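This report refers to the structure that appears directly beneath it.
The values are calculated or read from the model by the stated rules, or taken from the named source; none is laboratory data. The model shown is predicted, which means the values in this text are computed figures rather than measured ones. Every residue, glycine as well, gets a Cβ built from its backbone with ideal geometry; the counts of neighbours run over all protein chains shown.
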Amino acid sequence: MRIACFWGEARSLARISFRHEHLIDGFAALGHEPVLVTARPWLGGFRGPAELVDDLAELERPESWRRRNFDLAVGLTWLRKTPLLAAIAAAGLPRVAIADSDGQLGYAAHPRLAWRRIGPYQRSPRERLRAAVYFVRRYAASRSRRDPEDLEFLASARASSRIAFGSAEAIQCWRRFLRQQGAEELGTRAFVAPFPVPDSFCQGVIPQKEDRVVAIGRWSDPQKDANLLADVLVRFLTRNRATRVELFGADGEAVFGKLAARFPRLELRGVQEPPVVREALAASRVLLFASRWETGPHAAGEALAAGATLVSPPMPNFAGMIENGRYGALARDRTPGALADALAAELANWDRGERDAQGIAATWRARLNPRTFCTTLLESVAS
């Protein structure tokens, strides 16, 4: 089968988290012929097979797809890219959309998260007031089923044959949005396919786990909620005298610098190359999150493939990965106390020998390798 792995965003592939190489490797391992299809300016450092156009607008014309002789199209859409999907549909190809979403869409269906995505970015009372007025307008539009973004999500879903989400919990949130919008029939197009991890995380022996916790993030981005994480670490490190904590990512000094000076067991590692992060995850027990939201938590999958467990505030895709406490701990709410308690409880599970790093790694390597991911995508259109 000849498969188009399309990229329809005016952004370099080198600047996104999702690796299209996973699609190429996974489909090729299954005996198919995958090809990246995108515009030349956005190829980034991609080195696999590709068919390039000069401008993304070419991919929004059905004739551009008819002459390329593909059997299937797969691509990252964020539940958008309707003109691109419609062009592929007009050319007669089935379309698998990779949503990269937690399903919590719509100001009316998920108002709490909608505010969480805009409120923390406001720096002054004037900005917060403007954001509140904006929120009310968007909520009213969403509730009356006339919000342009909601309509775009629905149009994209209608133009997709199947839609991949990272967890069953994300699909539940997506279906809640569809019910609110009166489009429940689109819910049958959704299926679960968590993001794959690099092959480098699916190989090698898992070392003896150290009493160590890792957190990874762009700490200046309000999405990662560095202030919540700092409050959690104060509580945790004050009552825990042994565990080491390592923070990876840019801009950590501003929030965590004084904390690291106070607690020598907290180390700021900054931005590191992937092999360094991979080694840290393999040696650590827990990957800790404090994010306000996460859509496709790549680092979470990498941690599980490295035999670590997860601790997180309540979020749909993390609930799916943690599986009712089997692979970590989900805090009862988004407060410092709840998250610190969840972290302490999870480390206690390790102390009691209730976590098997080798078994965790074996399970998630089988689930998250590129070949498994691509098999799931193909099965979605065959069912």
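Inside the stretch 227-244, can you point out the residues that are among the basic types (Lys, Arg), touching a residue at least 24 places away in the same chain (Cβ under 8 Å) and exposed (fewer than 14 other Cβ atoms within 10 Å of the Cβ)?
Selection gives Arg239 alone.
Arg68: under 25 Å from the mean Cα position of the chain (by Cα), charged (D, E, K, R), in the same structural domain as Ser161 (by TED's automatic domain parsing) and in a loop (DSSP other than H, G, I, E, B), yes or no?
No.
Is it the case, given these coordinates, that Ala170 is part of a helix (DSSP H, G or I) and closer than 30 Å to Trp350 by Cβ?
yes
Within the stretch 107-157, can you find the residues that are closer than 30 Å to His22 by Cα and assigned to a loop (DSSP other than H, G, I, E, B)?
Correct list: Arg117 only.
Which of the residues that make up the stretch 4-30 are aromatic (Phe, Trp, Tyr), surrounded by 18 or more Cβ atoms within 10 Å (Cβ to Cβ) and not in a helix (DSSP H, G or I)?
If the condition is that a residue be aromatic (Phe, Trp, Tyr), surrounded by 18 or more Cβ atoms within 10 Å (Cβ to Cβ) and not in a helix (DSSP H, G or I), then Phe6, Trp7 are the ones that fit.
Of all residues in the stretch 22-37, count the ones that are among the aliphatic types (A, V, I, L, M) and in contact (Cβ under 8 Å) with a residue 40 or more places away in the chain.
So the answer is 3.
Within the stretch 335-348, how many residues are surrounded by fewer than 17 Cβ atoms within 10 Å (Cβ to Cβ) and not small (Gly, Ala, Ser)?
1
Restricting attention to the stretch 201-212, does a residue exist that is modelled with pLDDT of 95 or more, closer than 27 Å to Asp351 by Cβ and outside any loop (DSSP other than H, G, I, E, B)?
Yes, that holds for at least one residue.
Quick check: anything in the stretch 146-164 within 17 Å of Arg367 (Cβ to Cβ), in contact (Cβ under 8 Å) with a residue 60 or more places away in the chain and assigned by TED's automatic domain parsing to the domain that holds Ser17?
Taking every residue of the stretch 146-164 in turn, at least one turns out to be within 17 Å of Arg367 (Cβ to Cβ), in contact (Cβ under 8 Å) with a residue 60 or more places away in the chain and assigned by TED's automatic domain parsing to the domain that holds Ser17.
Can you find a residue that is modelled with pLDDT under 95 and crowded, with 23+ Cβ neighbours inside 10 Å anywhere in the stretch 297-312?
yes
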